[in-house]
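Note sheet for the following structure.
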Amino acid sequence: MNNMQTETIIQKGRVYSDPPERIRPASRGLIICDNKILLTYETETDVYMTPGGGVETGETLEECCVRELREEAGIEVKVIKPFITVNEYSFETLYISNYFLCEIVGKSQQSLTDIEIEHGAVPRWIQMEKAIEIFSHYKEKREDVMSLYLREYTVLNRLRGAI
């Protein structure tokens, strides 16, 4: 599946290093059901994002996506196809976020990291238009969250146009 071409968007925050000091590849899952999208919400930081995270050693992008959705949302998914990649330059890091369209195939046990537990990460189904509206306020956020919200706003607008 890695040989499929997807659109790549370049996004640069107000503060970034070029070249970046580090590169962090990640996978994120896009799941739509009844015009709602699955997001991760951090109750302690009041931050939303699509579920996903960093690729581990020896893991494919698709395997990372499946693992992250299992860990963060407690669901088993099947990757349908790649959707979009966002190369996000923020501070000293280039975040390469690979988004995949996914389908739920079962339930699993949630397994959050210590940071996710500390931040109060919970899965939430949000109406697509409400999710886009939430992320549209990216300019009002502090720099690190602004970059994340701009990335999610861009991706969800592309997704809305594709479904």
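The values are calculated or read from the model by the stated rules, or taken from the named source; none is laboratory data. Keep in mind that what you see is a predicted model, and the values were worked out from it rather than measured. Because the Cβ atoms are built from the backbone with ideal geometry, glycine has one as well, and the counts that use them run over all protein chains shown.
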Restricting the range 98-108 to residues that are touching a residue at least 60 places away in the same chain (Cβ under 8 Å) and in contact with a Gly (Cβ under 7 Å, 6 or more places away or on another chain), the one farthest from Glu7 (Cα to Cα) turns out to be Cys102
On the given criteria, is Glu118 at pLDDT below 95, surrounded by 12 or more Cβ atoms within 10 Å (Cβ to Cβ) and either in contact with a His (Cβ under 9 Å, 6 or more places away or on another chain) or over 21 Å from Phe83 (Cα atoms) (or both)?
-> yes
Output the number of the condition that Ile84 fails; it satisfies all remaining conditions of (1) of a type outside the set (Asp, Glu); (2) touching a residue at least 60 places away in the same chain (Cβ under 8 Å); (3) in contact with a Gly (Cβ under 6 Å, 6 or more places away or on another chain); (4) closer than 13 Å to Ser97 by Cα.
-> (3)
Can you work out which of the residues in the range 5-26 that are in a loop (DSSP other than H, G, I, E, B) and of a type in the set (D, E, K, R) is surrounded by the most Cβ atoms within 10 Å (Cβ to Cβ)?
-> Glu21
Surrounded by 15 or more Cβ atoms within 10 Å (Cβ to Cβ), more than 17 Å from Arg158 (Cβ to Cβ) and in contact with a Pro (Cβ under 8 Å, 6 or more places away or on another chain): does that describe Leu112?
-> no
How many residues does the range 125-140 contain that are surrounded by 16 or more Cβ atoms within 10 Å (Cβ to Cβ), at pLDDT 95 or above and not small (Gly, Ala, Ser)?
-> 5
Only one of (1) out of contact with any Ser or Thr (no Cβ under 8 Å at 6 or more places or on another chain); (2) under 28 Å from Thr60 (Cβ atoms); (3) at pLDDT 95 or above; (4) not aliphatic (A, V, I, L, M) is not met by Gln110, so which one is it?
-> (3)
Selected residue (criterion: modelled with the lowest pLDDT) from residues of the range 141-163 that are more than 17 Å from Gln11 (Cβ to Cβ) and among the aliphatic types (A, V, I, L, M) = Ile163
Which numbered condition trips up Ser147, out of (1) closer than 17 Å to Asp46 by Cα; (2) exposed (fewer than 15 other Cβ atoms within 10 Å of the Cβ)?
-> (2)
Filter the range 27-57 for residues that are assigned to a strand (DSSP E or B) and β-branched (Val, Ile, Thr); which is surrounded by the fewest Cβ atoms within 10 Å (Cβ to Cβ)?
-> Ile32
